[in-house]
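To keep things clear, I will list the structure first and then write my remarks on it.
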Amino acid sequence: MNIRRSLARAAAAAAVAVSAVVGGVGAGTATAAPVPGLFYYGQTIAVVGQNSGCNGLVDYRLDSDPAKPGVVIVTLTSRGMNGIGPEWEANPVCPIDFDIIWDAAYFGFGSVASHQYKAIEFSPTRAPGDTVRTEVVTGPGLHILGVTASYLNPFYEFRPQYSLSAGGYIIVP
């Protein structure tokens, strides 16, 4: 058995255990609840944006709404951005195009242009707390979901930005 398969099985087992615990907690509420999951690389993304080398940290959070089964609410929150040069001083906004990719498209299988990919534009400033959110329809069950600000989008269009990917296995109610 190879290492990847072992890790995938361990992650799936952990996710099932977490869902059993979370599922048995009690009655649902009308407010958003965190999506249980096993996240690798954490839930913070270091990013270089599209304005004069702007950079900073962006946290992402995954929630679910009991009224919308199979939907994940992705929230991106900036910890504040920094920049270099007169372009940044004239316009201290750091545009970033994030890609949210899930399931087969995350591994490069299937059509990324279909329902397994969603782009979200984010323009944080120097001040921490800038937030943007979107809904992703994954369907209920176990999924793998990633968030990144790649220099190429899935359609191979160049964007002057960069980040490492972050994500993990999630259980969507």
Step through the residues of the range 129-140 one at a time and calculate ³J(HN,Hα) from phi using the Karplus curve (6.51 cos²θ - 1.76 cosθ + 1.60, θ = phi - 60°), rounding each to whole Hz and writing x for Gly and Pro. x, 4, 9, 9, 9, 8, 10, 10, 8, 9, x, x
Modelled label-to-label distance, Tyr156 and Ser123, 7 Å Cα→beta-carbon offset: nm? 3.0 nm
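Any read-out appearing in this document is the output of simple, stated calculations on the displayed coordinates, not a laboratory observation. If you're wondering where the values come from, they're calculated on a predicted model, not measured in any experiment. Virtual Cβ from ideal backbone geometry, glycine too; neighbours counted across all protein chains shown.
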